[in-house]
Amino acid sequence: MKRFLLIDDHLIVRSGIKQLLTDMYKDVEIYEAEDGNSATALLKTHTYDLITLDVQMPNTDSFALMEYVKKEYPQAKVLMFSMSPESIYAIRFTKAGAKGFISKSAPLDEMKIAIEKVMNDKKYFSEDILMELTKGNTGATNNLFDLLSPREFEIVQMLLNGKTISFIAADLSLGLSTVGTHKGRIFQKLKVSNLLELKELANSYK
C-alpha cells in the first residue's frame, strides 16, 4: 500500500494528480489538503510515500510548511508541483528539503518521470536548475531572489500574488511600517523600484 498527500488549493489540480497516481500505482491511499492547516493535521495522522506541494496557496506559507515537514518528518519525500517560476523557487525549496520541482504545465510523461524519481529517493529538476544547484555548491548564484531572507521571500511571494501591504500586514500579524520596511529592502536587493519591475524580474526567470 502506497500513501500520498496532495497539498494544493485547487480541487481540479488535486483530482488530476490523484488520477495520475492511481494509474501509476495499483494499491494506493490518497489524502488531500487545501492549505497549510489541513496539511499539518493530515501529516500528524499518517506517514506518506510522497507529498506533492504547491508554492502559492491562500493563508499558507508554503516555504515554512516545507521547513516544518523537513524538521518533523525528515524521511518524507516532497515534490513541488506548481505554476510558480522554477528558477525562483526550486533552489530555495530544495535547500529546505524538497526532492524535486515540476511545473503544472509539464507533459504527462514528464510528471510520471518526476514522481518515479522522487519515489525512488532521487531528485528531479530541469537541466537549468541542476546547473544553478551546481553553482550553489560553490556559493555562486545568478538568482537575485536567493538574496532574500525567509521573511522577505514570504512577502515577495504575496506581492507577486497581488496582495496589498495592508493585507500582508494583517495576514502575517505585522505592522504596516514593518511590511513597508521589508518591501523596501526587497526592492533594494532585487534592484527594482516598483511592483511592475518586480513582476518583470520574476517573469524574466521563467
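The values are calculated or read from the model by the stated rules, or taken from the named source; none is laboratory data. Note that this is a predicted model, so its numbers are computed, not measured. Cβ sites come from the backbone with ideal geometry, for glycine too, and all protein chains shown count toward neighbours.
Worth pointing out:
- Among the residues making up the stretch 18-48, those that are under 12 Å from residue 4 (Cβ atoms) and in contact with a helix residue (DSSP H, G or I) (Cβ under 8 Å, 6 or more places away or on another chain) are 20, 21, 24, 28, 30, 31, 32, 33.
- In the stretch 107-206, counting only helices (runs of 4 or more DSSP H) that sit wholly within it, the ones holding 3 or more residues that are at pLDDT 85 or above and acidic (Asp, Glu) span 108-119.
- Residue in the stretch 56-69 that is without any contact (Cβ under 8 Å) to a residue 60 or more places away in the chain and over 22 Å from residue 153 (Cα atoms) present: no
- Residue count, the stretch 77-95 (criterion: crowded, with 18+ Cβ neighbours inside 10 Å, free of Cβ contacts under 8 Å to residues at least 60 places away in the same chain and among the hydrophobic types (A, V, I, L, M, F, W, C)): 6
- Residue selected from the stretch 1-21 under the condition β-branched (Val, Ile, Thr) and not in a strand (DSSP E or B), by the criterion surrounded by the most Cβ atoms within 10 Å (Cβ to Cβ): 17
- Screening the stretch 22-87 for strands (runs of 3 or more DSSP E) wholly inside it with 1 or more residues that are charged (D, E, K, R) and over 15 Å from the mean Cα position of the chain (by Cα) returns the ranges 28-33.
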